[in-house]
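**Q** Can you keep this structure in mind? I'll have questions shortly.
The values are calculated or read from the model by the stated rules, or taken from the named source; none is laboratory data. From a predicted model like this one, the values you see are computed outputs, not experimental measurements. Cβ placement follows ideal geometry from the backbone for every residue including glycine, while neighbour counts extend to all protein chains displayed.
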Amino acid sequence: MNQKTLTALRGSIKKWERIGAGTGRDKGAANCPLCKRFGEECYIDEENELCPVAFRSGAKGCQRTPYTTWKLTVGGRFYADYEKGVKAKTLEQRRAARVELKFLKSLLPK
């Protein structure tokens, strides 16, 4: 993992630390450093690099990751509140955010 990707991963981890604590908001790709780095295709062609989330899950767009559970816990509000972002307000939502956080931390190099 190169330094730019590691920096983006650490930024995504910070985002989910805040969400899990109930202080941050999820705005999907709009406030995800990994999504900003890798874009919709989860791949940077000129660097021949795949997003570490897509690499681990084998899917684009955070499919087959704990993020899908998070989206289910916030339900329709996710898309209705996309501009201002979604906070983890319930215990179930905070748990889902912490599972996403644990997943992202597992992507850090040993």
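**Q** Which of the residues spanning the stretch 45-55 are out of contact with any Ser or Thr (no Cβ under 7 Å at 6 or more places or on another chain), under 19 Å from ALA30 (Cβ atoms) and not small (Gly, Ala, Ser)?
**A** Scanning the stretch 45-55 gives a single hit, CYS51.
**Q** Further question: Report, by residue number, each residue of the stretch 63-76 that is surrounded by 14 or more Cβ atoms within 10 Å (Cβ to Cβ) and at pLDDT below 90.
**A** Across the stretch 63-76, the qualifying residues are LYS71, THR73, VAL74.
**Q** Looking at the stretch 83-110, I want the residues that are in contact (Cβ under 8 Å) with a residue 12 or more places away in the chain and part of a helix (DSSP H, G or I) and have a partner that is surrounded by fewer than 13 Cβ atoms within 10 Å (Cβ to Cβ) and not aromatic (Phe, Trp, Tyr) with Cβ atoms under 9 Å, at least 6 apart or on another chain. Which pairs are those?
**A** ALA96/LEU72
**Q** A follow-up question, please. Restricting to the stretch 3-48, name every residue that is surrounded by fewer than 20 Cβ atoms within 10 Å (Cβ to Cβ) and touching a strand residue (DSSP E or B) at 6+ places or on another chain (Cβ under 7 Å).
**A** ARG25, TYR43
**Q** Looking at the stretch 75-97, is at least one residue among the charged types (D, E, K, R) and under 13 Å from the mean Cα position of the chain (by Cα)?
**A** Among the residues of the stretch 75-97, not one is among the charged types (D, E, K, R) and under 13 Å from the mean Cα position of the chain (by Cα), which makes the answer no.
**Q** For the stretch 52-73, which residues satisfy the criterion of being over 19 Å from LYS110 (Cβ atoms) and touching a residue at least 40 places away in the same chain (Cβ under 8 Å)?
**A** The answer is TRP70, and nothing else.
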